[in-house]
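The values are calculated or read from the model by the stated rules, or taken from the named source; none is laboratory data. It should be emphasised that the depicted structure is a prediction, and the values quoted were computed from it without experimental measurement. A quick note on method: Cβ atoms are made from the backbone with ideal geometry, for glycine too, and the neighbour counts reach across all protein chains shown. Each accessible area value is taken on the protein alone, full model and side chains, heavy atoms only, with ligands, DNA and RNA left out. Shrake-Rupley method; radii C 1.70, N 1.55, O 1.52, S 1.80 Å.
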Amino acid sequence: MRALTYYSVLASLLTFAVPGSEARSSHAACKAFPSTAAWPSEKSWAKFNTSTGGKLIQPGPPPGAVCHHEQPTFNSDQCAIVTAAWRTVDFHQGHPVSNMWQQFNNDTCLVSPDTPCSGAGYPAYVVNATTAMDVKLSFDFARKHNIRVVVKSTGHDFQGRSQAPGALSIWVHHMQSHKTHKAFRPAGCRFTIDTPAVTVGGGSQLGYIYEELDKINQTIVGGNSKTVSVGGYLTGGGHSILGPRYGLGADHVLELEVVTPLGDIVIANECQNKDLFWAMRGGGGSTFGVMTSVTIATHPSPKLVAGLIGVIGPSDAPWVQDMIGYIVSQLPYLASKDVSGYAFFSSNITAPDGNNGTAIYSGMGGEFMILDTQDINDMHAIWDPIFAHVNATWPAALFSVDVNPYPSFQSWFSIWYDQNPAGYDQYIGSRLLDQKALASNSTALGEIFWKSGASAYLVAGKGVRDAKPRGGSIAVTPSWRKAIVHALNGYVFAPLDPAARATALKIVDHLTEPLRKIAPDMGAYMNENNPGEPDWQHTFWGENYERLLRIKRAYDPEDVLWCHPCVGNERWEQKGYRLCRVR
């Protein structure tokens, strides 16, 4: 999610559960947990560590512990370093247990020395998995001892699926590799797919892939954050600023190597393990298995024009809300002109007032892109009719346009990749909007987007509608094929406050409900949403959910992988820090 950080640029233009005693069994009431009788002995953990070649990590005090006097890792110099890095994604993505959004560790060890600190909200052990065999051994050990398993690459997860207290975490962060192909023949198939492709390790991050492919003037359909890795991105479906041309990221997957929770290392493509191939492309991460490598179709890196465009007015002007509604109603027009990008709507934009000061404005600011051109006038020509209507209807509106040519996707991405902060508590909500929703009353649209401060991502449209994934389809909600806009909102709340957390979920639900009402037949993007989404099974997967559930039961009958909101999780619930069967 790209937050409203563009406005600074635009302005310049203008408690542990009680230990139990259940036996080690897949039918036990709860998953094994530290300090319970079911938890493996130190000898068992040591033997497991040996089997992995010494890749087992016992995390010890969390990363924020360096700021707490009572912790053995306290170090004032290190505290200053960690505190300075805490709001950066790079710090959290490179740590085996740290998470980019604090609430998913239950705020159990923040960098503030005035807050409590313990490892209660973090995994108990981590396997630094660098091979598929490491993942298999981890699953085998977890099944034997009935241990909850989570999977982490970078922790860039708005649903918190890569974290769980007392779990065994499979950390695939160092599965970084790439191999390019001029054409690709899927294993077990009798044909070759005549398209360039790249095979990457399951922990490979998008920024790394873009850099390597740019050397041969190629790119993949991917997201706008360097630290998003292919595992979580593709299993969620993966939207992209290139999506209106090419489709979703998962539409371009040609083959996967997957380790299932049963400990099988398999190849999934359109010729073998077809159900798993389908489910792993959009059915959600940390559910059906661990992606240890993936082959993705690549495309010539496009020349493009992109930059910032803003339309704003005085925040107290009664007409601003109507202006916002009009701009939202024009998003289908922009999509028809092959414009992609991110539009942010706000009633609190600080911008120059023309008298060497600043003022508060309302309106739209965002980043937009068109492909296959180096002429900035092409972008102006698309927007000119919108500007003309706004100027004629609301003459006090202000405009800003700063677009530039870029010779390749990587040349743009290296400047404009998502640089939003991390290390705080936040929930987000979202909804996919189709032509019908955006053609509704523009006054209503203005009220929705102005009051909620919602964003509208032009990442769907023709490319997603007309995509031809291998095997015929993928597991994402069919709503993606009708969508033009991915609309979303968010709410930041105070840590260590259960009431604030509960209120935040209610606020996000309240902000999202008007989007549901104008698009009642649509769904939502699961990777950018929250654990409180109503009827999440069908909101995230629509008619595909029942098929996904059957596949989950086949590949993970013991629920070794469990997360929320994830396919097939209905048989368990988290009680305190423990995962227990629903009775």
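What's the local net charge at Met133, with K and R +1, D and E -1, over the other residues with C-beta under 14 Å away?
My count for the surroundings of Met133 gives -2.
How far apart, in nm, are two points set 7 Å out from the Cα along the Cα-to-Cβ line at Ala502 and at Asp140?
4.6
Quick check: net charge around Arg281, other residues with Cβ under 12 Å of its Cβ, Lys/Arg +1 and Asp/Glu -1? Mind showing how you got there, number by number?
Working: positive: Lys274, Arg470; negative: Asp251, Glu255, Glu270, Asp275.
Spelling it out: positives minus negatives among the neighbours equals -2.
Using +1 on the beta carbon of Lys and Arg, -1 on that of Asp and Glu, and nothing else charged, what's the dipole of region 272-431 about the Cα centre, debye to 20?
Magnitude of the dipole: close to 500 debye.
Going by accessible area, probe 1.4 Å, with all protein chains left in place, what is the ranking of Asp418, Asp497, largest first? Mind showing how you got there, number by number?
Details: Asp418 25, Asp497 65 Å².
So, going from the largest accessible area down, we get Asp497, Asp418.
Going 7 Å from the Cα of Lys575 in the Cα-to-Cβ direction, what parts of region 102-119 have a backbone nitrogen less than 11 Å from that spot?
none
Report the full-extension gain for the segment Asn355 to Asn404: residue separation times 0.36 nm, less the Cα-Cα distance, to one decimal in nm.
14.9 nm
Over the chain, what percent of the accessible surface lies on carbon and sulfur atoms, probe 1.4 Å?
Answer for the chain: carbon and sulfur cover 52 percent of the accessible area.
Express the accessible area of region 141-219 per residue in Å², computed with a 1.4 Å probe while the remaining protein chains stay in the model.
Numbers: 2870 Å² over 79 residues.
Each residue of region 141-219 exposes 36 Å² on average to a 1.4 Å probe.
Taking 0.36 nm per residue of separation and subtracting the Cα-Cα distance, what length does fully extending Phe74 through Thr195 add?
Extra length from Phe74 to Thr195 when fully extended: 38.2 nm.
Taking 0.36 nm per residue of sequence separation and subtracting the Cα-Cα distance, how much length would be gained by fully extending the chain between Asp375 and Ala183, in nm to one decimal?
Value of the extension gain: 65.9 nm.
At 222 nm, what value in deg cm²/dmol follows for the chain if DSSP H runs of at least 4 each add -39500 (n - 2.57) and the sum is divided by all its residues, to the nearest 500? Let's see the in-between values first.
Numbers: 19 runs with 171 residues, N = 583.
One gets -8500 deg cm²/dmol as the mean residue ellipticity at 222 nm.
Please give the charge dipole size of the chain, origin at the Cα centre, charges +1 on K and R Cβ atoms and -1 on D and E Cβ atoms. Round to the nearest 20 debye.
1820
Show the residues, 5+ positions off or on another chain, whose built amide H is closer than 5 Å to the amide H of Val150.
Amide H neighbours of Val150: Leu168, Ser169, Ile170.
Explain nothing, just compute: Karplus ³J(HN,Hα) = 6.51 cos²θ - 1.76 cosθ + 1.60, θ = phi - 60°, for every residue of region 453-469 in order, whole Hz, x for Gly and Pro.
With the stated coefficients, region 453-469 comes to x, 6, 10, 10, 9, 7, 10, 10, x, 4, x, 6, 4, 9, 4, 10, x Hz.
Give me, ordered by chain and number, the residues 5 or more places off Gly155 or on other chains with an amide H under 5 Å from its own placed amide H.
none
How much area per residue is accessible in region 309-463 when the probe is 1.4 Å and only protein heavy atoms are counted (Å²)?
So region 309-463 comes to 36 Å² accessible per residue, rounded to a whole number.
Show me the ranking of peptides 381-387, 264-270 by mean Cβ neighbours inside 10 Å, starting with the highest.
Per-residue mean Cβ counts within 10 Å order the peptides as 264-270, 381-387.
Strictly over 21 Å apart at the Cα level, which of Lys182/Lys274; Lys31/Lys144; Lys55/Lys575; Lys55/Lys179 would you flag in this model?
Lys182/Lys274; Lys55/Lys575; Lys55/Lys179
How many nm is it between the label spots at Asp264 and Ser51, if each spot is 7 Å from the Cα in line with the beta carbon?
Calculated label separation equals 1.9 nm.
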